[in-house]
1. List the lysines whose Cα lies under 19 Å from the Cα of residue 85, skipping any in the same chain that are fewer than 8 positions away.
2. What are the residues whose amide H is under 5 Å from the amide H of residue 51, where those residues sit 5 or more places off or on another chain and H is modelled from the backbone?
3. Show me, for region 44-51, the HN-Hα J-couplings you get by feeding each phi into the Karplus relation (A = 6.51, B = -1.76, C = 1.60, θ = phi - 60°), rounded to Hz, glycine and proline as x.
4. Karplus couplings for region 93-104 from phi (6.51 cos²θ - 1.76 cosθ + 1.60, θ = phi - 60°), rounded to Hz, Gly and Pro as x?
5. Starting from the 7 Å offset along Cα-to-Cβ, what nm value, one decimal, do you get for the label separation of residue 34 and residue 19?
6. Obtain the nm distance between the two label points defined at residue 67 and residue 54 by a simple spin-label model: each point lies 7 Å from its Cα along the Cα-to-C-beta direction.
7. May I ask you to evaluate 6.51 cos²θ - 1.76 cosθ + 1.60, the Karplus curve with θ = phi - 60°, for each residue of region 31-40 and list the ³J(HN,Hα) values in order in whole Hz, giving x for glycine and proline?
Amino acid sequence: MLKEEWFRNLTIQEGEFWKEIEESEEFIEEEVQEAMERSEEGWKREGKVILWKERIYVPDSATLREENVTKHHDSELAGHPGYTKMHKLITRNYWWPQMLEDIK
């Protein structure tokens, strides 16, 4: 049986959203860049994409973050969840600083 993290990578890396994240290096926050430079625990790169604790870091682009929240909110499977459930759904695969505030 496939491990969950392998399945996630297969589905996410092929999408347009992954490509948009790869092309958004100019929006990487200073704290994230510093954490990467210091090789802090939990941070790593997969190509041009940064991961934090195996979650995809979404750079500080209002468009990218809004697109991610909207995608999870409007999903038929999610059923227009409240912000707490939506936060749980998004953090399965993605992360960014003050994420909960953006979701509210």
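1. 71, 104
2. 44, 45, 46, 57
3. Using θ = phi - 60°, the values come out as 7, 10, 10, x, 8, 9, 9, 10 Hz.
4. Rounded to whole hertz, the list is 10, 10, 7, 7, x, 6, 4, 4, 5, 5, 6, 4.
5. Result for the modelled spin labels: 3.5 nm.
6. 2.6 nm
7. 4, 6, 4, 5, 4, 5, 5, 7, 6, 5
Laboratory data are not the source of any read-out in this text; all were calculated from the coordinates shown. For clarity, every value in this text was computed on a predicted model and none was experimentally measured. Positions of Cβ are backbone-derived with ideal geometry, glycine not excepted, and every protein chain shown enters the neighbour counts.
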